[in-house]
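Below is one structure, written out as structure tokens, with a few remarks after it.
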Amino acid sequence: MALVSMTGMLRDANAGGYAVGQFNLNNLEFTQAFLTTAQEEASPIILGVSEAYIPYMGGLPFITGMVNSLIEHYNITVPVALHLDHGSSYDVCIRALKAGFTSVMIDASHHSLEENIEITKRVTDVAHVLGASVEAELGRIGGREDDLEVLEAEASYAETEDCVLMVRETGIDCIAPALGSVHGPYRGQPKLGLDRMKEIRERTGLPLVLHGGSGLPDDEIRQAIAAGTAKINVNTDNQIAFTKAVGEYLAANPETYDPRHYLNPAREAIKAAARDKMRLFGSAGIARK
Ligand code: 13P
């Protein structure tokens, strides 16, 4: 199946009371693990690529080529979107769209609201001509994701009125309001701003995106979905599963030198982690209907 945008996926998720996972690609094994698990679980899936991982994985055209080749190789029939995560500029979003990404996040949350809206609108105008979807961020999500770090003091909650204005002025397809979730491991007990989440959902009518899906208690996830979250981003939990499996294998087999010996169990570990998330988010089984 050809790559699709997130628009229909997220509309269906809100209507069906579940969320679709965005799983961030780190290398070939992550990509194989996510696609095959989505197919086994009959789950729609969003493959996320952060800016830092574009050069690491060999550039945008290579990433699109790898994803499309694997979809064909594994005969993947569930809906798959290829999404730029936290695109920091108009330029990188356009480059991703030109390379065949079907969705982009323009994260201009480090600019003023006016500038954030202006850049987001320019990206949205181009993306929609190409049939791609757009996500924008309001407020600032704290923590570290790959090379992007937002210190605790810089993190801020999204304001409902700002979200309403952003949606009205830009025509984006989904919105990521910063409401207490963080990228990377949580320090202390996470507490999401669920009331504001509901309010933003009601006032904008758009599917909401929850970043920092790793390490959140299951109950907070379920409540976020009930409050209108249709997309949940996960990276750290999969990275931890991968690295732990490699470490355990190498500790038990110090003489090994064939990468397949430790990458096979690492890929299985990501599959198990992704499977758990698809079941928790309620997207498992949806693509069978
Ligand atoms: P985690 O790494 O905390 O799961 O967050 C991922 C994310 O939000 C990607 O945008």
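Is at least one residue of the stretch 238-256 buried (at least 21 other Cβ atoms within 10 Å of the Cβ) and in contact with a strand residue (DSSP E or B) (Cβ under 7 Å, 6 or more places away or on another chain)?
Taking every residue of the stretch 238-256 in turn, at least one turns out to be buried (at least 21 other Cβ atoms within 10 Å of the Cβ) and in contact with a strand residue (DSSP E or B) (Cβ under 7 Å, 6 or more places away or on another chain).
Which residues, taken from the stretch 46-56, are touching a residue at least 60 places away in the same chain (Cβ under 8 Å) and crowded, with 19+ Cβ neighbours inside 10 Å?
Scanning the stretch 46-56 gives 46, 48, 50, 51, 53.
Evaluate the following for residue 17: is it without any contact (Cβ under 8 Å) to a residue 40 or more places away in the chain and on the phi > 0 side of the Ramachandran plot?
No.
Could you say which residue among 42, 81 is touching a residue at least 40 places away in the same chain (Cβ under 8 Å), surrounded by fewer than 17 Cβ atoms within 10 Å (Cβ to Cβ) and of a type in the set (A, V, I, L, M, F, W, C)?
Step by step, each of 42, 81 is checked, and only 42 is touching a residue at least 40 places away in the same chain (Cβ under 8 Å), surrounded by fewer than 17 Cβ atoms within 10 Å (Cβ to Cβ) and of a type in the set (A, V, I, L, M, F, W, C).
Can you tell me which residue among 34, 62, 23 is out of contact with any Gly (no Cβ under 7 Å at 6 or more places or on another chain), among the aromatic types (Phe, Trp, Tyr) and surrounded by 18 or more Cβ atoms within 10 Å (Cβ to Cβ)?
Answer to the check: 34.
How about the stretch 127-217: which strands (runs of 3 or more DSSP E) wholly inside it have at least 3 residues that are over 14 Å from the mean Cα position of the chain (by Cα), farther than 25 Å from residue 5 by Cα and touching a residue at least 12 places away in the same chain (Cβ under 8 Å)?
By residue number, 142-145.
Readers should treat all values here as calculations from the given coordinates under stated rules, not as data from a laboratory. These numbers come from a predicted model, not from an experiment. Cβ sites come from the backbone with ideal geometry, for glycine too, and all protein chains shown count toward neighbours.
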